[in-house]
1. Helix-only mean residue ellipticity at 222 nm, the chain, DSSP H runs n ≥ 4 weighted -39,500 (n - 2.57), per residue, nearest 500. What is it?
2. What does a probe at residue 186 reach in segment 65-85, counting residues whose amide N is under 19 Å from the point 7 Å along Cα→Cβ?
3. Under the Kirkwood approximation for Rh and a Cα-based Rg, what ratio Rg/Rh is obtained for segment 174-312?
4. What whole number of Å gives the distance from the Cα centroid of segment 110-185 to the Cα centroid of segment 25-88?
5. Relative to the first principal axis of the alpha-carbon coordinates of the chain, what is the inclination of helix 82-96, with its axis defined by its Cα atoms, in degrees from 0 to 90 and to the nearest 10?
6. For labels at residue 196 and residue 319 in the simple 7 Å Cα→Cβ model, what's the distance in nm?
7. Angle between the Cα long axis of helix 320-336 and the longest principal axis of the chain, 0 to 90 degrees, nearest 10?
8. Taking 0.36 nm per residue of separation and subtracting the Cα-Cα distance, what length does fully extending residue 274 through residue 243 add?
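Rule-based calculations on the coordinates, nothing more; no lab input. A quick note: this is a predicted structure, and the numbers were derived from the prediction, not measured. Glycine also receives a Cβ, built like all others from the backbone with ideal geometry; neighbour counts cover every protein chain displayed.
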Amino acid sequence: MQTETTRTPSGIFVLGEMRNGHIHSVTLELTGKGRELAAARGCTVTTVLLGGEFKDDPADPIRYGADRILAVNHPSLEHFDQEIIAKVTAHLIETEKPEIVLAPATTAGRTYLPAVAALVNTGLTADCTGLDIDPETGLLLQTRPAIGGNVMATIKTPNHRPQMSTVRPRTFRIPDPEDRTGEVLHPAVPERLFASRIRNDGMEYLEEQGANIQDLDVVISGGKGLKRPESFRLLQELADLLEGGVGASRPTVEAKWIPYPHQVGLSGKVVAPKLYMAVGISGAVQHLAGMQTAQTIVAVNKDPEAPIFRVADVALCGDLFDIVPRLIERIKKEKRS
C-alpha cells in the first residue's frame, strides 16, 4: 500500500471557466499556478474546458503551462447548468484520477464545485489565497483566511484524492505566454450525464456601473482615513488622471460611503493591477488578501506602524489630505509638459 510520501503523482487538473464561448482569464491564471505546483510535484497539468461552443482556441492554455487540454463540447453546456457541469466534471476526475484539482472561486465555481467534491468523495478548500507543495510529504498546502479573516489557516488533505481547492480570480498573476507544445483531447462523455433536472428559463448578465476594478491597471483605494464620503472625489480625480478606477475598504462600504462593487478584500474583489494605491487604509488581513498580488503597491497613511506599510513598495507616511493633492498637481504638471 502506498503512503502519501510514495504516492505516484497523477497530475494536476485546472478546471477552466468559459463565458459566452470565451476562455476566461482566471483559467490562464490557475493554469500558470498549476504549472508551478507541477514543477514541485513532478507531474503534468491538464486544463479542462467545458462549453457549447469555443470561440477561442482551446489550445491557448498550453502557452500558459498546460500539458494537455480536455475539451468537451455539447449543446447542454451552452448555458450554465450546475448539475450537468458537476456530473461531467466528476466523470472526468474519476476517469483521469488527478492528484490535485484547482478551480476558480467565481459565482459559477462556488455553485458547482461543492457538488463535484461530494460526487468524488473528497474535501474542498474554498477561497484559497496561497497554494504550495509540502516538500516533505508532497501534499498540497492550501492557505485560506479563517475565523472571520483574522488568521490564515493552512489546510492539508492527507487521506482523500483529489486535493481540491478554489481560488478567487486575480489571486495569482497570469504568467507570460511561452512557446510550448501540448495536446488537445476531446474525451467521450456518456450522454446520460447531460440530462438535468434544472430548467433554464433564460439568463441576464449583471451590468456594472463603470469599469470593473478587477480589469484595470491602476486602482486607487480609500479607507476610513478619508474621514468622510466626499473625500472619495479626491481619489476619483487621481484615478482619472492615471486612467484607473477607485477601490475601497470594507468599513467605507459598510458605512455606505461608496457602493459595494468598489470593495477590495476577502468579502469584496481581489485585484492585481500594475499599480495599487491604498489611501487611508490601515491594512487589515482581509484587505491585504485582496490586493497583495499587485505589481506595485503605494501606501499613504499617517500611522508609521500601519500594517499596510509591510507590503508596500512605496510608503508615504503623512496626512493624505496633503499628499494626495500634491500628487494630483504633480501629475497634472507632468501631463501639461
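1. -7500 deg cm²/dmol
2. Within reach of a label on residue 186: 68-79.
3. 1.15
4. Cα centres, segment 25-88 to segment 110-185: 15 Å.
5. For helix 82-96, the angle is close to 60 degrees.
6. 5.8
7. 80
8. Answer, rounded to one decimal: 10.0 nm.
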